Amino acid sequence: DGLGGGLTRERALEIMKDSRIGTYGAIALVLALLSKIALLAMLAQVSPWMAVLGLFGAHVVSRLMPMFLIRFLSHVGDTAKSKSKPLADAIEDAALMAGVVWAALALWLLLWVSPGLHWLWALAGSALGMGWMWRLLWRRLQGFTGDGLGATQQLSEVGFYIGLLLALGPLSA
């Protein structure tokens, strides 16, 4: 809500403190959910097995992407009440590398089960989603909040599915 409704940095952060969901947040959640349903249905048309593998890969990789924001951007929310601030204090290079290793293991498993460059396309789609959110959060807030981390995960997951579909066919024709 804060990124869509707050015209200034301060107003955006104030809106993000409010635990009630607003119009922009509700629209974003509905669009994310509908996008994932549609993209997974398209993947299932390619292959039901690919939809299962894509779901696994997207969940692992999309949860890695916010770790880059935590590591390289500053936390800008209310530090006294924030649930994401302790993460920002604790994450260092070793924690980020652990996340990268887990995601690499998941991608290796996907490559072993279903060899091909389509997994690199999926990874690129997820990274583009994270990069877009990084740019948006930096431009609007000069850092991250917990809301921004959640949005990054969701956008990275959708990006993973889009990249996978671009490589496999339905979106490439």
Can you sort Leu105, Leu29, Leu43 by how many other beta carbons sit within 10 Å, fewest first? Leu105, Leu29, Leu43
What is the distance, in nm, between label points placed 7 Å from the Cα along the Cα-to-Cβ direction at Ala98 and at Ala44? 3.6
First measure r as the distance between the Cβ atoms of Leu120 and Gln142, then evaluate 1/(1 + (r/R0)^6) with R0 = 35 Å and state the FRET efficiency to the nearest 0.05. 0.65
Step through the residues of the range 156-164 one at a time and calculate ³J(HN,Hα) from phi using the Karplus curve (6.51 cos²θ - 1.76 cosθ + 1.60, θ = phi - 60°), rounding each to whole Hz and writing x for Gly and Pro. 5, 5, 4, x, 4, 5, 5, x, 5
Report, by chain and number, residues whose modeled amide H sits under 5 Å from the one on Phe144, excluding near sequence neighbours (fewer than 5 apart, same chain). Ser74, His75, Val76
Arrange Phe72, Phe144 by Cβ neighbour counts within 10 Å, fewest through most, would you? Phe72, Phe144
Two pseudo-spin positions, 7 Å from Cα along C-beta at Leu109 and at Ser35, lie apart in nanometres by 2.6
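Taken together, the values in this text are just the output of simple stated rules run on the coordinates, not laboratory data. These numbers were taken from a predicted model, which means no experiment stands behind them. As a convention, Cβ positions derive from the backbone with ideal geometry for all residues, glycine included, and neighbour counts pool all protein chains shown.
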